[in-house]
Structure formats: C-alpha cells, structure tokens
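Before anything else, here's the structure in question.
The values are calculated or read from the model by the stated rules, or taken from the named source; none is laboratory data. Source: prediction; values computed, not measured. Cβ atoms come from the backbone with ideal geometry, glycine included; neighbour counts cover every protein chain shown. SASA here: full protein model, heavy atoms, side chains in, ligands and nucleic acids out. Shrake-Rupley method; radii C 1.70, N 1.55, O 1.52, S 1.80 Å.
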Amino acid sequence: MGKHLLFVLMVFGTLAFASGAEDAAVAPEPAAPAAEAEAVPAAAVPEAVAPEKAAPEPEVRKTVALLEIPLPITWSSVQTINRTLLKIRDELRTVGEGQGNRPTLVLSFQVPPNQDMLGRGSQFGACYGLAETVSSDEFRGIRTVAFFPQSVQGHAILLALACEELIVSDSCEFGNAGVDEKRITPAIRQAYRDIGRRFPEKAVEKMLDPTVELWQAETDSGTVWTDRAGLGRLREEGKLLKEPDEPFLPAGVPGLWTAQQAREQGLADFLVEAKDGFLGLAKALGIRPEQINFAKVYTEINRTVRIDLIGPITSAKTGEVERQIRKAIEGGGSLLAAAAGQNVAEEPPADFICLWIDSPGGSLEASLSLAGFLANDIDPMRVRTVAYIPHQARSDAAIIALACQETVLGNGAILGGSGEAVFSEREIRAAVETISHSLARKSLRRWSLPSAMIDPNLTVYKMTRKSDPSIVEFFCEEELNQQGDRDDWIRSEPVTRPNTPFLTIGREALGYSLADRIAADFGEFKLLYHLTNDPQLMTPGWADQLVRALANPYLSMILLVIGFGAFWAELKTPGIGAGAFVAICCFTLFFWSKYLGGTAGWLEVMLFLTGVLFVLLEIFVIPGFGLFGIGGGLAILGSLVLASQTFISPRNSYQLEQFGNSLLVLVISLSGMSLIAFAFAHYLNEANKPRKSDDLAVRESEKLADYAHLLGAQGVAGTRLVPAGKGRFGEESVDVVSEGELIEAGTLIVVVDVRGYRVIVRAV
C-alpha cells in the first residue's frame with residue numbers, strides 16, 4: 001500500500017514540474033519595440049509562480065494582429081475593411097487587458113500580383129475614412145504600424161500616415177499619393193496635414209502634390225523640410241548652417257522616397273530586408289513570428305441604392321427620404337418584392353446611397369434636419385453617400401447635397417442661389433450657426449460659401465496663402481479669424497454679391513471646392529463610381545410616382561385644360577352629367593398632386609371651392625353677372641396660381657421666374673379651354689340645325705303639334721334658357737331651346753327654326 005502511495009506522489013510531482021517548465025518556456029512577450037523585448041525576457045518569469053498559472057490560450061498569446069489591406073482601397077471594399085478593423089480592435093483590447101501589455105495592429109499594404117500600378121486607384125474618401133478611424137480615440141491603447149512589403153503609391157499612403165510607426169521593405173519606394181487626382185483640392189491638402197501630423201508638413205505635401213518644390217536644409221535646430229519660400233525665411237533669420245545646392249525634390253517630380261532614404265531621413269521607423277518577409281517584420285516589432293495573428297479582409301456583396309429628392313423641400317418630404325435611407329441601410333427588400341413572394345430578409349444592407357436631388361429648396365428647417373442626419377447619423381465607413389444634382393439644388397437644398405460625403409454636379413447644374421423660399425433673419429442666423437458649428441466639422445468643406453447660399457448678406461473673400469500661393473480658400477471674416485495661421489492669408493476680391501445668395505454652376509463649383517466631380521449624365525456618374533448596374537431605386541409606392549408625374553407642368557396644363565373645358569360644357573347643358581364628372585376628376589387630381597408635392601395646402605383648395613361656388617351662384621341664383629361672378633373667377637385663378645408655388649408673392653429672382661411660369665401655365669390652360677368652348681358651341685349649333693333627310697319624317701310623326709306658324713315670331717324668354725326652357729309668344733307658351741348660348745329670363749328672343757316639337761330660338 002505504501003509503495004503504491006509513493007508511486008502516485010512521484011507521478012504528481014513530475015507532472016507539476018513539467019507544467020511549470022512549459023509555462024516558463026511559452027510565456028508571452030509584450031508587443032513592444034526590440035529594446036523593450038530585450039529588457040523583459042521571457043525567462044524573467046519567476047519559477048515560483050509558474051506552476052500556479054494556467055497555460056494561456058493560443059489566441060491570447062498572439063498580441064500582434066496583422067491585417068493585409070488589399071490595394072486599391074475603394075468604396076466597394078472600405079466598409080468590409082472597417083468592420084474588420086473594429087473587430088480586431090475589440091479582440092486586441094481584450095488581449096491587452098488580460099496580458100497587461102500594449103497590443104499591436106500591423107496594416108500590411110498588399111499590391112495585387114502581376115499589377116504594375118503599385119496600388120494606384122485608391123479613392124481619397126475611402127482612405128481618409130479609414131485613416132480617421134485608425135488615428136481616432138477608438139484605437140487608443142493599441143500600437144498601430146504600417147508595413148510596406150512592396151512599393152506603394154496613391155491615397156493608400158494616407159492610411160499609412162495615420163499609423164504610429166512605419167516599417168518598409170528595403171526594395172520598395174513609396175509616395176506620389178495624389179497620382180490619381182486631376183486636381184489637389186484644399187480639402188485633400190488639409191486632410192493630409194491633419195492625418196500626417198507626426199511627419200514634416202512639407203514632406204507630406206510633396207508626397208501629395210508633385211508641383212511642390214521640396215528642400216532639405218540643415219539648421220541650428222536640425223534638419224528641416226521646407227519649400228523655396230521657407231528656405232528664404234531661414235536664410236534671412238540666419239538659421240541656415242549650410243546653403244543647400246539644389247532642391248531635394250524639384251517641382252514637377254513626384255514625391256517618392258526609397259526605403260533607404262525614408263529610414264535615413266526619419267520618415268520610416270524600421271527597414272527590413274525583403275528576403276526575410278514576415279520574419280523581418282517580427283524582428284522589427286521585437287516579437288517572435290508565432291505571436292503574429294494573421295487576419296484577412298474578405299470582399300462582400302455590396303448594394304447600391306438611389307433615393308430621389310425632387311421638388312420643393314418640405315418636412316414631409318425630408319422625413320420620407322430619411323426613412324428610405326434608414327430602410328436601405330438596415331437592409332430588407334421593398335414592399336413590391338415582399339408582395340411578389342421574394343425573401344426580403346436576404347437583401348443586404350446598402351453601402352452606397354445616391355441621393356438624386358433636383359429641388360429649388362423650400363423649408364430651411366427641414367433641409368437642416370436632413371443634412372444633420374446625413375452628416376451625423378450615417379457611419380461614413382459603412383455607407384457612402386453621394387449627392388447627384390443633374391439640374392438644380394438651390395438655396396437650402398444645396399446644404400443637403402453638401403452634407404453628403406461627395407457631391408456630383410451636371411454640366412450646367414445650379415448649386416445654391418435664391419430658391420423657393422425667402423428666410424427670416426432668425427432662420428438665417430440659426431442656419432449659419434448650424435452649418436459652421438455642426439455640419440462643417442463632419443465634412444472636409446469650409447463653411448463660408450455654404451452659409452452664403454442661405455445668408456445673402458454674408459461676404460466671402462478669395463484667400464491665398466502667403467507661404468504657398470497655390471493654396472486658395474474662401475473665407476468670410478469670421479472663418480478667417482478661426483484660422484490658426486490667420487496672418488498667412490492674403491485677401492482678394494469677394495466672390496459674393498451684396499443681397500444675393502451665393503450661386504455656382506457646373507464645373508465652376510470644383511474651383512470653390514463645393515463639388516467633387518462633374519458628370520454629364522447618370523451614365524457618366526455610374527462610370528465615375530464603377531457601378532456596373534443602375535442603383536436600386538427606393539420608392540415609397542405607386543402613389544408617389546403618380547404625384548411626381550402629375551406635378552409635371554405639361555401634365556398640369558393638360559389637367560387644367562380638360563377641367564375648364566368640362567366645367568364650361570356642364571354649364572351649357574342642363575343637369576349634372578359627364579362634364580361635371582370629368583371636371584371634378586381633373587381638378588381633384590391637380591390639387592392632390594400639388595398638395596402632396598408640397599406647393600398646395602388647404603388654403604388653395606378652399607379658395608378654389610369658394611370660387612366655384614360663387615360662379616354657380618352667379619349663374620343659377622343671382623341674376624346678371626356682377627360681384628359674385630367676378631370674385632369667383634378671380635378666386636379660381638388665384639388658387640391655381642398659388643397651388644403651383646409655395647409663396648404668395650415673389651420676393652426674389654427665382655420666385656419671380658416661378659411666378660411667371662405659373663401664369664404661363666394658367667394662360668395656356670385658359671386658351672385651351674377657350675378653344676374647347678368654341679368647338680363645343682359650334683358642335684351644338686350644327687347639331688340643332690334641321691337635316692333635310694329627316695325633316696319629312698319628323699313632320700309626319702308630329703302632325704298633332706305643329707309650331708310652323710311660330711317661325712320668325714318674336715317673344716320673351718319665360719325662364720332662363722340653359723339652353724332649354726320656356727318661351728312666350730303672345731298668349732302662347734311653348735318649350736324652346738337656344739342655339740347653344742345661355743339666355744336670361746325676360747330676354748327678347750326670335751324663332752329661327754321649327755322641327756316638330758323642337759322650337760329653336762336666339763336672343764334678339
């Protein structure tokens with residue numbers, strides 16, 4: 001028994017010793033630079049506590065995550081990359097908390113095999129969004145490292161600048177970030193300055209813009225990167241230790257650095273040999289290769305949708321657009337798809353939204369609300385929003401367009417200017433505050449020009465940077481004072497006019513940094529964004545499509561012509577018949593489309609109904625044609641004009657133009673109604689004439705009632721003839737009918753034709 005007990009104790013002792021030795025052998029090292037790794041070796045773990053610790057799980061030991069970023073970075077891949085980054089961030093935080101060290105995220109930029117473009121084609125907006133994410137507080141506590149195993153060009157450089165460290169392979173070169181841009185806008189320049197703060201500003205500018213001349217100067221405070229103007233200032237201040245012979249990179253030469261140059265000049269933190277691959281990377285990071293956890297981005301199926309914002313801006317319309325955007329982002333199909341039996345739940349969330357805007361503006365409050373939703377409530381890393389303006393986005397509608405991540409204009413599209421509404425001083429002050437303090441901070445645009453589209457009294461100047469005349473901005477006095485380098489700006493002529501909202505058209509908007517691209521048509525828009533198919537059109541239903549169709553000025557004109565003609569025809573015939581039915585249908589469709597389109601309300605509808613009531617009173621109740629007839633006619637005409645616009649009287653150039661269009665539609669409609677009335681009267685006159693072919697038959701069938709003796713006789717209309725009624729000829733009262741016109745009671749009449757019982761008269 002004792003021998004057995006001794007054997008068991010020996011076995012347990014051996015296992016305990018082996019377990020302690022294994023823990024000491026595989027204890028994880030912190031993700032730190034090589035110097036830190038040498039200071040804290042794995043063997044430093046005390047043997048006394050090793051047997052008491054449980055062996056760590058393999059994924060916990062891997063405190064370094066390496067994510068391969070496929071180039072180019074585009075909007076079709078950025079959402080997936082961002083989701084992968086956030087997932088890795090959460091996992092690394094968990095690891096860091098458990099290990100008590102700082103985890104590391106390595107972004108390895110991968111150029112596709114057999115591709116000589118070196119990653120070109122990366123889209124600025126996509127790269128900027130990723131760079132903002134990596135450099136934000138979301139990644140605080142995580143060491144971020146960019147790794148170039150191959151040569152890299154294009155906007156992917158911006159994401160590398162956002163990392164804390166840069167490791168490059170000895171065989172690569174990098175830079176030429178703006179190679180895909182036809183024009184380096186001030187917004188792009190500012191983004192590179194903000195993201196690449198830990199690098200020399202002029203070196204970053206040269207990477208972006210080949211036109212920059214880059215000098216390397218030795219000063220009493222060390223090596224300085226500057227341009228020719230900066231070199232002159234250093235010379236004047238006596239800070240130059242040695243006069244440079246020539247620029248490091250002259251103007252016109254792309255800003256490219258070899259790996260060796262980048263390491264010598266402090267742009268790269270580590271240089272690894274290409275033949276070592278990830279072994280060299282692990283050595284530079286100060287870790288063992290097995291500590292690297294490799295991750296990969298998988299491309300997902302993307303969904304593009306189009307949402308239309310057409311016509312005057314109303315709170316109902318912007319609310320509808322917001323609901324459509326939320327529905328597209330959340331995924332799921334349309335009601336039509338569900339009715340067809342399709343599986344709505346399988347439709348993926350949209351990651352590209354084209355907001356098609358063709359609007360004269362309207363409600364400033366509603367526009368700011370939708371703009372705030374686009375700028376604040378949509379994650380730019382998951383959903384890309386692009387405003388497409390084929391014709392116009394006037395006044396407050398322009399603010400909605402500029403709240404999107406990108407804005408695309410048609411060749412002659414209007415952005416800004418006077419619009420459907422005129423705003424009060426209180427509305428303007430509140431809007432400018434919202435644009436400058438909220439919306440502008442969510443985009444890369446300045447706020448002066450967008451505010452000038454709302455405030456006609458805001459003066460905006462063209463500004464040129466003293467140190468770099470190629471940089472042009474547009475500031476009002478307040479935004480200029482907000483600049484940290486206020487004295488570095490030279491004021492030129494104002495670009496706004498007094499008492500006139502700022503307006504720009506087509507390609508001109510590119511120069512103001514208010515548009516990102518120009519597209520001649522939607523086909524070119526799809527080419528710009530590599531859309532192989534038309535985006536899915538998000539529509540609320542058939543009713544809204546009908547409203548948009550009926551809101552067309554030509555269809556409105558047709559409805560008014562038919563409605564007026566049917567109304568006049570009904571007045572010429574006794575009783576309520578087809579004319580009344582057609583007129584009611586036409587006017588109902590007209591006001592319904594205008595009401596849902598946001599230009600008509602209950603005022604216009606009630607004004608129209610009151611006008612019709614007054615006209616009917618004048619015709620059937622009150623004799624003559626006086627106050628009720630004139631007032632009713634004016635009320636009808638006024639209601640139709642007001643229903644075609646959102647204002648009562650024009651107060652700016654756009655409203656004056658719209659007022660003229662409303663009057664033109666009304667004049668054409670009344671002219672069409674006059675033609676219909678003339679044709680209808682002619683038809684009635686022809687229909688009342690006797691036909692020779694049936695004159696004998698009529699006389700034979702109506703011998704008992706012969707009014708032939710009344711032919712040519714004069715009498716008095718006993719009742720109103722509309723066109724039928726009673727006529728009195730001496731002591732004889734007979735049924736008569738006019739030739740088509742309305743004849744008031746008591747009017748002298750003469751018999752012009754007799755056909756049996758039918759006595760046809762006209763007013764004398």
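Could you give each residue of region 504-516 its phi-based ³J(HN,Hα) in whole Hz, using Karplus coefficients 6.51, -1.76, 1.60 with θ = phi - 60°, and x for Gly or Pro?
Coupling constants for region 504-516: 9, 10, x, 4, 4, 5, 4, x, 8, 6, 9, 9, 9 Hz.
To continue, here is another question. Cβ under 13 Å from residue 510's Cβ, residue 510 left aside: what net charge do those residues give with Lys, Arg +1 and Asp, Glu -1? Display every interim value, and only then the final one.
Details: positive: 182, 183, 445, 507, 517; negative: 181, 406, 508, 516.
Once all neighbours under 13 Å are counted, the net charge is +1.
Taking the Cβ of residue 124 as the centre, find all other residues whose Cβ is under 10 Å away and add up their charges (Lys, Arg: +1; Asp, Glu: -1).
Values: positive: none; negative: 180, 181, 406, 516.
Summing Lys and Arg as +1 and Asp and Glu as -1 gives -4.
While we're here: Using only the heavy atoms of the protein chains and a 1.4 Å probe, how would 236, 322 rank by accessible area, largest first?
On the way: 236 160, 322 45 Å².
So, going from the largest accessible area down, we get 236, 322.
Wrap a convex hull around the Cα atoms of region 712-762, take a quarter of its surface area, and give that in square nanometres. Mind showing how you got there, number by number?
Working: hull surface 11.4 nm².
The directionally averaged projection comes out at 2.8 nm².
Over region 396-453, what per residue volume does the convex hull of the Cα atoms give, in whole Å³?
Values: hull volume 4.7 nm³, N = 58.
Value for region 396-453: 80 Å³ per residue.
Going from most exposed to least, what order do 272, 667 have by accessible area with a 1.4 Å probe? Before the final figure, lay out each step's value.
Details: 272 10, 667 85 Å².
Result, largest first: 667, 272.
Rounded to whole Hz and in sequence order, give me ³J(HN,Hα) for region 561-567 from the Karplus expression 6.51 cos²θ - 1.76 cosθ + 1.60, θ = phi - 60°, writing x for Gly and Pro.
4, 5, x, 5, x, 5, 5
Can I ask one more? How much net charge surrounds residue 193 when only other residues with a Cβ under 15 Å from its Cβ are counted (Lys, Arg +1; Asp, Glu -1)?
-3
Region 103-144: D in µm²/s via Stokes-Einstein (Kirkwood Rh, Cα pairs, 37 °C, 0.692 mPa s)?
269 µm²/s
Rounded to the nearest whole Å², what accessible area per residue is found for region 175-220 with the 1.4 Å probe? Spell out each step's value before the answer.
On the way: 1790 Å² over 46 residues.
Ligands and nucleic acids excluded, the figure is 39 Å² per residue.
Subtracting the Cα-Cα distance from 0.36 nm times the residue separation, let me have the gained length for residue 584 to residue 603 in nm, one decimal.
Numbers: separation 19, 0.36 × 19 = 6.84 nm, distance 1.81 nm.
That pair, residue 584 and residue 603, stretches by 5.0 nm at full extension.
Amide H of residue 352 versus every other amide H placed in the peptide plane: which residues, excluding those fewer than 5 positions away on the same chain, fall under 5 Å?
Distant-sequence amide H within range of residue 352: 303, 305, 384.
What residues have an amide H closer than 5 Å to that of residue 176, excluding those fewer than 5 places away on the same chain, when H is modeled at 1.01 Å from N in the peptide plane?
Those qualifying (amide H under 5 Å, at least 5 residues apart or on another chain) are 255, 256.
Taking a 1.4 Å probe, which of 437, 155, 530 shows the most accessible area, and what order do the others take after it? Working shown, then result.
Details: 437 95, 155 0, 530 135 Å².
Heavy-atom accessible area, descending, gives 530, 437, 155.
Please tell me which of these pairs span more than 24 angstrom C-alpha to C-alpha: 206/275; 206/466; 239/462; 317/526? Mind showing how you got there, number by number?
Values: 206/275 30 Å; 206/466 18 Å; 239/462 33 Å; 317/526 26 Å.
The answer is 206/275; 239/462; 317/526.
Please list, ordered by chain and number, the residues whose modelled amide H lies under 5 Å from the amide H of residue 489; skip anything fewer than 5 residues away on the same chain.
Close amide H contacts, sequence-distant or interchain: 466.
Roughly to the nearest percent, how much of the accessible area of region 178-283 is carbon and sulfur, given a 1.4 Å probe? Show your work: numbers first, answer last.
Numbers: 2730 of 5540 Å².
In region 178-283, the share of accessible area belonging to carbon and sulfur is 49 percent.
Pulled fully out, how much extra length does the chain show between residue 524 and residue 671, if you take 0.36 nm times their separation in residues and subtract their Cα-Cα distance? The partial results should precede the final answer.
Details: separation 147, 0.36 × 147 = 52.92 nm, distance 4.15 nm.
Value of the extension gain: 48.8 nm.
Through the Karplus equation 6.51 cos²θ - 1.76 cosθ + 1.60, θ set to phi - 60°, convert the phi angles of region 229-239 into ³J(HN,Hα) values in whole Hz; use x for Gly and Pro.
5, x, 5, x, 5, 4, 5, 5, 7, x, 8
If I ignore ligands, DNA and RNA and count only protein heavy atoms, how much of residue 502 is accessible to a 1.4 Å probe, in Å² to the nearest 10?
Here the accessible area works out near 10 Å².
Let me ask another. Solvent-accessible area per residue for region 370-439 at a 1.4 Å probe radius, Å²? Write out the running numbers ahead of the final one.
Numbers: 2070 Å² over 70 residues.
Computed with neighbouring chains in place, this is 30 Å² per residue.
Would you mind computing Rg(Cα) / (2.2 N^0.38 Å) for region 156-302, counting N as its residues?
1.22
Once the piece of chain linking residue 467 and residue 369 is laid out straight, how much longer is it, given 0.36 nm per residue of separation minus the C-alpha distance between them?
Numbers: separation 98, 0.36 × 98 = 35.28 nm, distance 3.92 nm.
Stretched out fully, the residue 467 to residue 369 stretch lengthens by 31.4 nm.
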